[in-house]
1. Could you tell me the calculated FRET efficiency between A217 and D165, based on Cβ-Cβ distance and R0 = 30 angstrom, to the nearest 0.05?
2. Within the range 40-94, which trypsin sites (Lys or Arg not before Pro) sit in a loop by DSSP and count at most 14 neighbouring Cβ atoms inside 10 Å?
3. Assuming a viscosity of 1.567 mPa s and a temperature of 4 °C, what translational diffusion coefficient in µm² per second does Stokes-Einstein assign to the range 113-175, Rh being the Kirkwood radius over Cα pairs?
4. Exposed loop GluC sites (Glu not before Pro) only (DSSP loop, at most 11 other Cβ atoms within 10 Å): please give the longest stretch of the chain free of them, not including the sites.
5. Given a Förster radius of 22 Å and the C-beta distance between A155 and D3 as r, what FRET efficiency does 1/(1 + (r/R0)^6) yield to the nearest 0.05?
6. If you take the C-alpha gyration tensor of the range 24-136, multiply each eigenvalue by 5 and take the square root, what semi-axes do you get, largest first, in whole Å?
7. Using the heavy atoms of the protein chains alone and a 1.4 angstrom probe, what is the accessible area of the chain per residue in square angstrom?
8. Which percent of the accessible heavy-atom area of the chain goes to carbon and sulfur, probe 1.4 angstrom?
Amino acid sequence: MTDYLLAPSIIASDFAHIADEVAAIESAGADWIHVDVMDGHFVPTITIGPLFVQSLKRVAKLPLDAHLMISEPEKHIEAFAKAGINNITVHVETCPDLPHIIEKIKSLGCTAGVTLNPATPASSLEPALPLVDLVLVMSVVPGYSGQKFMPEMIAKVEEVHARLDALHSHAHIEVDGGIDEETLPLMKKAGANVFVAGNAVFKHPQGGAAGVRALKAVMG
Ligand code: DX5
Ligand code: ZN
């Protein structure tokens with residue numbers, strides 16, 4: 001039986017009211033909190049770091065799912081683990097030795113994920129697939145929330161699902177970027193089971209709790 005999980009991305013939330021924003025999505029039934037870490041180098045935007053995560057951890061009950069869009073992630077994973085992150089996902093484009101960094105993430109007590117830009121082929125994940133707890137398929141070019149969903153990434157989810165199936169892996173398949181009431185079912189059908197949503201949740205006209213409920217309604 002597949003668990004379908006919703007991971008709202010706080011990048012789209014109001015950081016000035018982060019405790020209220022987190023309480024709203026938790027009360028509405030969100031499963032994880034997706035933490036988009038951007039360094040202004042691997043992607044153009046700068047967002048948050050371990051200091052913010054320490055404060056976030058004090059107000060969040062849900063697991064924190066860090067998506068590291070940063071160069072040289074190995075230098076920073078320990079600080080994020082110590083700050084309270086539960087899952088750490090790194091970009092294959094930033095890690096020359098994927099198995100090594102995955103083992104390091106696990107040694108810190110976190111689950112380990114890998115992710116890839118839309119232009120990067122799923123075959124690049126091969127060395128990591130037997131080791132990971134999660135594969136994150138990006139359906140936008142990383143760097144901003146509120147971008148348009150890239151439907152050509154549906155086939156990539158199907159490919160990752162087939163590759164993990166062949167390994168009898170129980171790793172999560174998470175999708176991220178332009179996920180809303182319309183695109184979520186397409187990615188679920190393709191084999192995803194964890195859904196990141198920034199704008200569809202926190203920019204919902206009736207607020208974050210309504211955004212969570214709207215997506216949970218189509219998750220089934
Ligand atoms: C993009 C981030 C995504 C994004 C999600 O670089 O990794 O998590 O913020 O936001 P939406 O759901 O609005 O595309
Ligand atoms: Zn993300």
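1. Values: r = 28 Å, r/R0 = 0.93.
The formula returns an efficiency of 0.60 here.
2. Within the range 40-94, the qualifying trypsin sites (Lys or Arg not before Pro) (loop, at most 14 other Cβ atoms within 10 Å) are K61.
3. This corresponds to a translational diffusion coefficient of 109 µm²/s.
4. That gives 1-151 as the longest site-free run.
5. The formula returns an efficiency of 0.40 here.
6. Equivalent ellipsoid of the range 24-136: 23, 15, 14 Å, largest first.
7. Values: 9500 Å² over 220 residues.
Counting only protein heavy atoms, the per-residue value for the chain is 43 Å².
8. 55
The values are calculated or read from the model by the stated rules, or taken from the named source; none is laboratory data. Computed from a predicted model, the values in this text were never measured in an experiment. A quick note on method: Cβ atoms are made from the backbone with ideal geometry, for glycine too, and the neighbour counts reach across all protein chains shown. Areas reflect the complete protein model, heavy atoms only, side chains present, ligands, DNA and RNA absent. Shrake-Rupley method; radii C 1.70, N 1.55, O 1.52, S 1.80 Å.
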